[in-house]
1. Restricting to the range 40-51, give me the number of residues that are under 16 Å from Leu14 (Cα atoms) and open to solvent by less than 70 Å² (accessible area, probe 1.4 Å).
2. Among the residues of the range 57-83, write down those that are in a loop (DSSP other than H, G, I, E, B), open to solvent by 40 Å² or more (accessible area, probe 1.4 Å) and either touching a residue at least 40 places away in the same chain (Cβ under 8 Å) or among the basic types (Lys, Arg) (or both).
3. For the range 1-39, give me each residue that is in a strand (DSSP E or B), open to solvent by 60 Å² or more (accessible area, probe 1.4 Å) and in contact with a Phe, Trp or Tyr (Cβ under 8 Å, 6 or more places away or on another chain).
4. Please go through (1) over 19 Å from Arg13 (Cβ atoms); (2) open to solvent by 40 Å² or more (accessible area, probe 1.4 Å) for Ala93 and return the number of the only condition it doesn't satisfy.
5. Is the range 98-116 home to any residue that is under 25 Å from Asp23 (Cβ atoms), of a type in the set (A, V, I, L, M) and open to solvent by less than 40 Å² (accessible area, probe 1.4 Å)?
Amino acid sequence: MFFRYTKNRFALRLHASYSDNSDTFASPIGMADGASGDNNNKDLRIGVGGQFSIIKRKEWFYTFLDLSYRNVFSTGHYYGGFGGANDRFSSTANGIDGFLGLGFKIKTIKNVYLSPELGYYISNKFVSKTTTDMSWGQSTKYNYNVTDITPVLKLHLTVKF
């Protein structure tokens, strides 16, 4: 969900998203050290941002910065592979996401706009992961930091009311 309130050359941007996805993987049959597994991910983002129209008399061209709190919770299993692993894992990642770039507000029909935005997505997550060897019952806990910087192109469909 994306909400934008514009006043003169400035805009307040609010956004929130939630996704829940699962996947399963397996090596081809007959592979000597083949592995298989599954995982489930829940991803929540809540954020706020600002927007500024660069050209004084043209609201259609703007720059923006969005900041978000992000929480990702993952669980899953890993079977086989070299050494015959049978591991269960769970991890929680908390962090801050940023999206910085340029955008264009294009009017399509009355009160409906398309807003392509080009910029950089910056993510910094603090991860706490626990892995349990199901054969031995031994658990190992890891804490680490992940930083990602990626170019991104987004497209917002905005309805003015």
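1. Qualifying residue count for the region: 6.
2. Of everything in the range 57-83, those that are in a loop (DSSP other than H, G, I, E, B), open to solvent by 40 Å² or more (accessible area, probe 1.4 Å) and either touching a residue at least 40 places away in the same chain (Cβ under 8 Å) or among the basic types (Lys, Arg) (or both) turn out to be Arg57, Phe82.
3. Just the residues of the range 1-39 that are in a strand (DSSP E or B), to begin with: 2-7, 10-26, 35-39.
Next, only the ones that are open to solvent by 60 Å² or more (accessible area, probe 1.4 Å) stay: 3, 5, 7, 10, 12, 14, 18, 20-26.
Passing the criteria: Phe10, Leu12, Leu14.
4. Just one mismatch for Ala93, condition (2).
5. Looking for residues that are under 25 Å from Asp23 (Cβ atoms), of a type in the set (A, V, I, L, M) and open to solvent by less than 40 Å² (accessible area, probe 1.4 Å), one finds none in the range 98-116, hence no.
Table: residues versus (1) under 21 Å from the mean Cα position of the chain (by Cα); (2) open to solvent by 50 Å² or more (accessible area, probe 1.4 Å); (3) farther than 16 Å from Phe73 by Cβ; (4) not basic (Lys, Arg).
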site: Tyr121; (1), (2), (3), (4): yes, no, yes, yes
site: Thr130; (1), (2), (3), (4): no, no, no, yes
site: Gln138; (1), (2), (3), (4): no, yes, yes, yes
site: Lys141; (1), (2), (3), (4): no, yes, no, no
site: Thr147; (1), (2), (3), (4): yes, yes, yes, yes
site: Val152; (1), (2), (3), (4): yes, no, yes, yes
site: His156; (1), (2), (3), (4): yes, no, yes, yes
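The values are calculated or read from the model by the stated rules, or taken from the named source; none is laboratory data. On a predicted model such as this, the values are computed, not experimentally measured, just so you know. So basically every Cβ, Gly included, is an ideal-geometry build from the backbone, and we count neighbours across all protein chains shown. For accessibility, only protein heavy atoms count, side chains too; no ligands or nucleic acids. Shrake-Rupley method; radii C 1.70, N 1.55, O 1.52, S 1.80 Å.
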